[in-house]
Every structure is written in C-alpha cells, then in structure tokens.
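The values are calculated or read from the model by the stated rules, or taken from the named source; none is laboratory data. Since we're looking at a predicted model, the values are computed, not measured. Ideal geometry is used to build each Cβ from the backbone, glycine not excepted, and the neighbour counts take in all protein chains shown. Ligands, DNA and RNA are excluded from the accessible area calculation, which covers all protein heavy atoms including side chains. Shrake-Rupley method; radii C 1.70, N 1.55, O 1.52, S 1.80 Å.
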Amino acid sequence: VQLQASGGGLVQAGGSLRLSCAASGRTFRRYAMGWFRQAPGKEREAVAAINWSGGSTYYADSVKGRFTISRDNAKNAVYLQMNSLKPEDTAVYYCAASGYYSGLASAQSQYEYWGQGTQVTVSS
C-alpha cells in the first residue's frame, strides 16, 4: 500500500484546512486508517483514526470538536477536516494504514504503512 498525503499549508489561527490521503491497493476498504502528527522537538502523536467502514472514529482530546476524519472507500481516500486551527496544531501530518486491523487503531505500532507527511503551519 502506498499513501500520498496532501492539503497542508499555511493558515491563520481560526482557519481551516482539509488534508487528503490517497491510497493505492484494492483492499483499502479493509484497512483501518489514521492521521498522526509530529511537531518540532516532539514525538509523533495520534490525531484521529477511523475503522474500515467509517462507522467508528477516534480523536485525540486536543482536537475533539475541531477535526473530523472521514473516508471514501470508493475513492481509496481518507480525509481530515481541520477547523478552528490553533498555533499548537502546527506539525507535519502523516496518514497511516493498517492491514492488520479493520477496527479503530489509535497506536502507531498498529500501523505498517505511512505516507510521506504534509506540513501544516498555523500562524497566530
């Protein structure tokens, strides 16, 4: 599985961005998907996750109510809608896919496929 993340950029605090992750592979619909981020000097952390059908989602406490993860299995894509962005959301965002889990997977160790990352910068 190859993952290609896009949609990052520079935005002012309070603004919105929509990240997209395009996946290759005919079995995409079976994969749990997740978004992670890594800020400078910090460890990579889970942001959001979604199960194979899109019926279950997970969000880190820091983004609940502001971010929404979704997927379109027909398009082999997963999205992260980010609203009310804050400077502390500045990070490189990575999408990840798990071929072992079809349910929710919020731990990095559960994912074996990673995209290249897309930079999100929120100015104050």
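Over the chain, what percent of the accessible surface lies on carbon and sulfur atoms, probe 1.4 Å? In the chain, the share of accessible area belonging to carbon and sulfur is 45 percent.
Once the Kirkwood radius over Cα pairs is known for the range 31-101, the Stokes-Einstein relation at 20 °C and 1.002 mPa s delivers a diffusion coefficient of 171 µm²/s. Shown here for the range 46-90: trypsin sites (Lys or Arg not before Pro) in loop regions (DSSP other than H, G, I, E, B) with at most 10 other Cβ atoms within 10 Å, namely Lys64. Couplings 3J(HN,Hα) for the range 44-61, derived from phi with the Karplus relation 6.51 cos²θ - 1.76 cosθ + 1.60 (θ = phi - 60°), are 5, 10, 6, 10, 7, 9, 9, 7, 4, 8, x, x, 10, 9, 10, 9, 5, 4 Hz, where x marks Gly and Pro. Rounded to the nearest angstrom and listed largest first, the equivalent-ellipsoid semi-axes of the chain from its Cα gyration tensor are 23, 14, 13.
For the range 25-103, the per residue solvent-accessible surface stands at 50 Å², with DNA, RNA and ligands left out and a 1.4 Å probe. The range 14-72 has equivalent-ellipsoid semi-axes of 22, 14, 12 Å, by the square roots of 5 times the alpha carbon gyration tensor eigenvalues, sorted largest first. The alpha-carbon positions of the range 76-124 define a convex hull whose volume is 102 Å³ per residue. Available extension along the chain between Arg66 and Ser6 is 19.7 nm, counting 0.36 nm per residue and deducting the alpha carbon span. Note on the chain: with a GNM built from Cα contacts shorter than 10 Å, the maximum mean-square fluctuation among Glu43, Glu112, Glu88 falls on Glu43. The chymotrypsin sites (Phe, Trp or Tyr not before Pro) found in the range 67-124 that occupy coil by DSSP, while having at most 13 further C-beta atoms within 10 Å, are Tyr100. Straight-distance candidates among the aspartates and glutamates for linking to Lys86, with alpha-carbon spacing under 20 Å and chain neighbours fewer than 8 residues away dropped: Glu43, Glu45, Asp61.
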